[in-house]
Every structure is written in structure tokens, then in C-alpha cells.
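Below: the structure, in C-alpha cells.
Only the coordinates and a few stated rules stand behind these numbers; no lab work does. Because the structure is predicted, anything quoted here is derived from the model rather than measured. Ideal geometry is used to build each Cβ from the backbone, glycine not excepted, and the neighbour counts take in all protein chains shown.
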Amino acid sequence: MIKKINTFISGTGSFAPPRVLTNLDLEKMVDTSDEWITARTGIKERRIAEDGTAPSDLALKASKQALEEAQITPDQIDLILLGTVTPDYILPSTACILQDKLKAKNAAVLDIVAACSGFIYGLSIASAFISIGQYKNILVIGVETLSKIVNWEDRNTCVIFGDGAGAAVVSATTEDKGVLGTFLSGDGSLANLLHVPIGGAKLPLTKENIELNEHFIHMEGSDVFKSAVRTMVNATEHIIQKVGITPEDVDLLIPHQANIRIIEALAKRLKLPMNKVYVNIDRYGNTSAASVPIALDEARRKGMMKEGSISVLVAFGAGFTWGSAAIKW
Ligand code: ACO
């Protein structure tokens, strides 16, 4: 009998640039306060990449850790899937740049533009490739340097975002463990609520539109907030039902770290106690595609995934995109 091929996470890694920007630092930059940021978002500090540090540099550090833990060499990677909305260049893809830096010479390469859901989109695509037997080891990454596309004079956005990278090696196994299922969704009709208006091929950069600050992130915060809660509840319930478990079976929920109030509202709707929900937003802010894999790596290093336990990953981001994954360890 042919055994089913499952996808398991054989290694994880993460990296955040060392420079810390605290809420007190931000008080000196815009009209805000530590009290407001802490109460409205749960963020206390975030990491900022130095000038000259590219997303591929952060991704390289996280990827090396993940490979070391998976005990594979770069030439054993069949595919690199890299989620980001802050690529090194418009072209070529950041996955290509990383492939060269990592010397992963046998890997196919692809960027995924799904904002904060980028890692879960990557995990889902990786799992599909592995299940059909096309690839054995896939490197899935979420990386951002949002500090470079944020308007540091706009208090509505600059207090929220941070930089970082998370990576996972996903590998084929015939053991009864790994990714139990994934769910992906999107709604492009809401694109204007969270976007960078110019700099693409529709509206290339000009001196005039740069002066209007349209090359930075624009966000309708409270509309995004409501959609985030709705879609992440929907995605979590969907995956729980799809893989045939109950909310009580979830040992750890790893949500996208966008806002502590979004995370608490999600936990409340799902009737999950907060001790089953991983939170690190206080230290990193919203790192978009990097948020879920950084949290995943931290939780693994803290020994929170016992053998046989079940974790659910869930994210929501610009697009809108959203998705979830259930994993048995
Ligand atoms: N400091 C002080 N006051 C502020 C700040 C600040 N940093 N930012 C906004 N305010 C003010 C506003 O100007 C507003 O003042 P007003 O009433 O006089 O107009 C007031 O605070 C309230 O603003 P709201 O937007 O209603 O505040 P809200 O409670 O919604 O919190 C926040 C704002 C934190 C942005 C919240 O809406 C949020 O987290 N939204 C979701 C963001 C998100 O999840 N993004 C995910 C995707 S990211 C991606 O895909 C890349």
C-alpha cells in the first residue's frame, strides 16, 4: 500500500534586527504616548533594520537557523517560498537573492505577496507540493522591513510596524504528523483599506506623488481592525472544522501579531483561554509576513509544542488575504 505523504516542520528559525525602537522613542518623533500605544495596540517596542540591511539579510539569518535545526544543507532545499511586501527589489524576487546568499543552488524560487498571511500561504503551497511528491524539503520564509515603507511622521501607522524574519523548513514524511490542513482566502474589493498607493506599474513614482507621501503605507485602521477579527475567527473555525478537531483540541493558537485587542477578541470569540494563545506583539509590533513564523519559532524554542499536540496558525493582512493551518507535532 502506498503511504500518504505528510508535511512536517523539521526546523524553524527567526531573526530580528538588534536596533530597538521603544514607545518612549516614538514620543519624541510624533504626537503619541507610551500609554496610548500600549493600551490601543499592546506594543511596547519594535525592531528596526539599519540602513543598508535588506530583507534578504534578515531572511538569511532566520533560514540558516531553520536549516541547522532541520539538519539539511542548502543544496537539499528544493524550493524557496518567501512571503514579503517589502522585497529587496521590484525585480528580481527576494527569494532569488536569498537563494544566492544561501547557496541553495538546487532550489526553485518564488516570492509570495500576501502581506501578513504570506507565511501561511507559503506553508499551504509547500504542503501541496510535498503531498504530490514533487519536493522533499521546502524553505518557507516570512520577512519584512516595514520600517522602510512607513511614514515616520504618520502616528496612525508608524507606531504599529516592525522589522524581522521567520523561517521554517518543511519536509516530507510518511509518519502520522505535520500539517493536518490549511485554509486560504482573500477579498480584493477591500484593497484600498490598506495599501501603498504608488510605486507600482499603475502609478510609477514621480517627484510630485512622492511629495504627497503616497509611497508609504496608508491604512484605515478601524476598518482593518474589524475585518481582522472577523476573518481570523472565520479562518480558525474553518480549519478546526476541516481537519475534524474541536476548539478544545487546540493546544496552541499562533495568531498574526497585529494588535493585542485583535488577538484577545479572537480568543474570546473562539472561547480559548489566553494561556493557549502565543503573544509577542509587545516586543516586535506588527512584522506582517514575519509575525507568524517568528512566533512559531519562539514557541518551539520554549518547548511549547509537545509531541502529538496541535497548533493552529492564523493570519490576516493587506489584500485582504487571510488563512490558517493546523499542525500536529
Ligand atoms: N497616538 C495617539 N493617538 C493616535 C495614534 C497614536 N499613535 N494613532 C491614532 N491616534 C488617534 C487618532 O488620530 C484618533 O483621534 P481622533 O479621534 O481625534 O480622530 C484616535 O486616536 C482613535 O483612532 P482610531 O483609528 O479609532 O483608533 P483605534 O482604536 O482603531 O486604533 C489602530 C488604531 C491601533 C491602528 C487599530 O485600528 C488597529 O490596530 N487596526 C488594525 C491594524 C492591522 O491589523 N493591520 C493588519 C494588517 S498589516 C499588513 O497587512 C501589512
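Taking label points 7 Å from Cα along the Cα-to-Cβ direction, E237 and K101 give a separation of 4.1 nm. Within the listed set L266, L123, L212, the Gaussian network model of the chain (springs between alpha-carbon atoms below 10 Å) gives the highest mean-square fluctuation for L212.
Can you compute the equivalent ellipsoid semi-axes for the chain, i.e. the square root of 5 times each eigenvalue of the Cα gyration tensor, sorted largest first and rounded to whole Å? List each step's numbers first, then the result.
On the way: eigenvalues 180, 110, 64 Å².
Semi-axes, largest first: 30, 24, 18 Å.
Of all DSSP-defined beta bridges confined to the chain, some 70% are antiparallel rather than parallel. Taking every DSSP bridge with both residues inside the range 180-328, close to 75 percent are antiparallel. Just to confirm my numbers, what's the Cα centroid distance between the range 114-139 and the range 4-79 in Å? Using only Cα atoms, the two centres lie 20 Å from each other.
Which one, L194, S222, V243, projects farthest toward the positive side of the charge dipole computed for the chain from Cβ point charges (K/R +1, D/E -1)? So the residue we want is V243. Projecting label points 7 angstrom from Cα along Cα→Cβ for R155 and K177 puts them 5.0 nm apart.
Taking label points 7 Å from Cα along the Cα-to-Cβ direction, K148 and S309 give a separation of 3.6 nm. In the range 6-176, the DSSP beta bridges split such that about 70 percent are antiparallel, to the nearest 5.
In percent, what relative contact order does the range 6-176 have, based on Cα pairs under 8 Å that are 6 or more apart in sequence? Write out the running numbers ahead of the final one.
Numbers: 378 pairs, mean separation 58.9, N = 171.
Rounded, it is 34 percent for the range 6-176.
Against the main long axis of the alpha-carbon atoms of the chain, helix 221-242 sits at an angle near 10°. Considering Cα pairs under 8 angstrom that are at least six residues apart, work out the relative contact order of the range 1-97 and quote it in whole percent. Contact order relative to length: 34 percent. Using the beta-carbon distance between L205 and E68 and R0 = 35 Å, what value does 1/(1 + (r/R0)^6) give for FRET efficiency, to the nearest 0.05? The pair L205/E68 has a calculated efficiency of 0.30.
Take the Cα of D51, go 7 Å toward its beta carbon, and the backbone nitrogen atoms of the range 135-173 under 14 Å from that spot belong to 148. Residues considered: N23, N209, N192. Largest GNM mean-square fluctuation over the chain, using C-alpha springs under 10 Å, is found at N209. Within the listed set F119, F316, F225, the residue fluctuating most in the Gaussian network model of the chain (springs between alpha-carbon atoms under 10 angstrom) is F225. Where the centre of each part is set by its Cα atoms, how far does the range 171-223 sit from the range 257-329, in angstrom? Each part reduced to its Cα centre gives a spacing of 19 Å. For the range 99-221, the ratio of Cα radius of gyration to the globular rule of thumb 2.2 N^0.38 Å stands at 1.33. Within the range 245-302, the trypsin sites (Lys or Arg not before Pro) that combine a DSSP coil assignment with at most 16 other C-beta atoms in a 10 angstrom radius are K271, K302.
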